[in-house]
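The structure appears right after this line, and notes come after that.
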Amino acid sequence: LDWVGQSRAALAGARAGAAREALRECRFCAHDCRVNRLGSDLGICRAGAETRVFSAQVDLADELELIPAFAVALSGCDLRCAFCISGGPSWNPGLGELISPTGLAAQATAELARGAKTILFEGGEPTIHLPYLLDVVSQLPDSARLVLKTNAYGSSVSRALLHGLFDVWCADYKFGNDACADRLARIPNYTQVVRENLVWAACQSDLIVRHLLMPGHIACCWQPVAAWLAAELPGVKVSLRTGFWPAWQSRRHVELTGPATAAEVRRAEALAKEFQLNLVH
Amino acid sequence: MSKPLSKPTPSVTAPTLSEVLILGDGRVLGHNLTPEFTALLAALNPADPQFLPRAEAVAAAQPEPSHHTCPP
């Protein structure tokens, strides 16, 4: 309960040091690599102690309640989704620019004054860069509406460092079973981890659960995701993203070489209705 | 067409590409929806439920104009 009575900025600042120290044995995500990122060791995400930014701009692709968002994309990710829309910098934390937390916070604050509704951190995966992320947050006004867009594969270590800092968690629930998660993104134990994170996020912030509809994956992925959300997080905001874009290494998987068909989109939307999901757009 | 945010700050990174994918069945997908690109897509196809609300969100987010009168 270190957050009781503290401003968000002060809390983030206090935790940033702990997050940097935690890089000595990185356990920020469920891969639990335990490598020393302050040295020369690299884990699955390949990120060291340095954080790079590959995009920082006003963006309108997110949910209507979040936009215009000043979206900050941090390079590097702990997943290896074949269909990643930003595959290059998401898979390579060495791409992008080095920007000081102070400089980034100043730009974000200026964009709020110009009309941005939220400041949104994404990637890649922002939780692999917790020291930098917390440092930036510590320099943002407490009144800013902050959004963490995450793959929800973080660990309890990450959750403890993030608790109470973000107004909205926009979290992916990408795969409806562990076999698809392993085959398409090389993620072990996906279902258990993502569910644990979603339940936790729902208890401590506003939560939007995102599912990117993948062609050929309605029965194996969307349907089980929808069923679980209806049963375990009734009423949670669900963002069904139907604009699958066959990017990056999608062609390695025969079913992912094109977009979802119009019929698949209709079927997915009908399922959402059947499960009485609270869809947001 | 909706107005972009006033005085947009240049990206801190090199300019990125926005992309559009027009499917044979008439659906339009957009990637990297900057205010300018979204306004363009909304103008091209106002009936598309994806783009017009997003373009309008930018217009709605314009800061209130100042009512202070500058001293002479």
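Summary of computed values
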read-out: Of residues in the stretch B:1-24 being modelled with pLDDT of 90 or more and out of contact with any strand residue (DSSP E or B) (no Cβ under 6 Å at 6 or more places or on another chain), the one nearest to B:Gln62 (Cα to Cα); value: B:Ser18
read-out: Pick from the stretch A:219-275, criterion more than 20 Å from the chain's Cα centre (by Cα) and among the basic types (Lys, Arg), ranking: nearest to A:Ala181 (Cα to Cα); value: A:Arg252
read-out: Qualifying residue in the stretch A:76-84 (condition: facing chain B (nearest Cβ under 10 Å), surrounded by 24 or more Cβ atoms within 10 Å (Cβ to Cβ) and in contact with a Ser or Thr (Cβ under 6 Å, 6 or more places away or on another chain)); value: no
read-out: Of all residues making up the stretch A:5-16, the number that are in contact (Cβ under 8 Å) with a residue 12 or more places away in the chain and surrounded by fewer than 16 Cβ atoms within 10 Å (Cβ to Cβ); value: 3
read-out: Some residue of the stretch A:225-234 being in contact with an Asp or Glu (Cβ under 7 Å, 6 or more places away or on another chain) and more than 22 Å from A:Leu66 (Cα to Cα); value: no
read-out: All positions within the stretch A:40-52 that are modelled with pLDDT of 95 or more and surrounded by fewer than 24 Cβ atoms within 10 Å (Cβ to Cβ); value: A:Leu42, A:Gly43, A:Ile44, A:Arg46, A:Gly48, A:Ala49, A:Glu50, A:Arg52
read-out: Flag for A:Asp59 being more than 14 Å from every other protein chain (Cβ to nearest Cβ) and touching a strand residue (DSSP E or B) at 6+ places or on another chain (Cβ under 6 Å); value: no
read-out: Neighbours by Cβ (under 8 Å, 6+ apart or cross-chain): first from the stretch B:32-53, facing chain A (nearest Cβ under 8 Å); second among the basic types (Lys, Arg); value: B:Leu33/B:Arg54; B:Thr38/B:Arg54
read-out: Residue tally, condition touching a helix residue (DSSP H, G or I) at 6+ places or on another chain (Cβ under 9 Å) and either surrounded by 18 or more Cβ atoms within 10 Å (Cβ to Cβ) or closer than 15 Å to A:Asp78 by Cα (or both), over the stretch A:17-31; value: 8
read-out: Set A:Leu95, A:Leu104: member being farther than 29 Å from A:Leu279 by Cα, surrounded by fewer than 19 Cβ atoms within 10 Å (Cβ to Cβ) and touching a residue at least 40 places away in the same chain (Cβ under 8 Å); value: A:Leu95
read-out: Tally of residues being in a loop (DSSP other than H, G, I, E, B) and either more than 10 Å from chain B (Cβ to nearest Cβ) or among the polar types (S, T, N, Q) (or both) across the stretch A:101-134; value: 3
read-out: Which numbered condition A:Leu66 fails, given (1) touching a residue at least 24 places away in the same chain (Cβ under 8 Å); (2) over 19 Å from B:Ala39 (Cβ atoms); value: (2)
read-out: Pairs, first over 22 Å from A:Thr118 (Cα atoms) in the stretch A:206-218, second outside any loop (DSSP other than H, G, I, E, B) and of a type in the set (Phe, Trp, Tyr), C-beta under 7 Å, six or more apart; value: A:Leu213/A:Trp222
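The values are calculated or read from the model by the stated rules, or taken from the named source; none is laboratory data. Computed from a prediction, not measured in an experiment: that's the story for all the values here. Backbone-built Cβ (ideal geometry, glycine too); neighbour counts: all protein chains shown.
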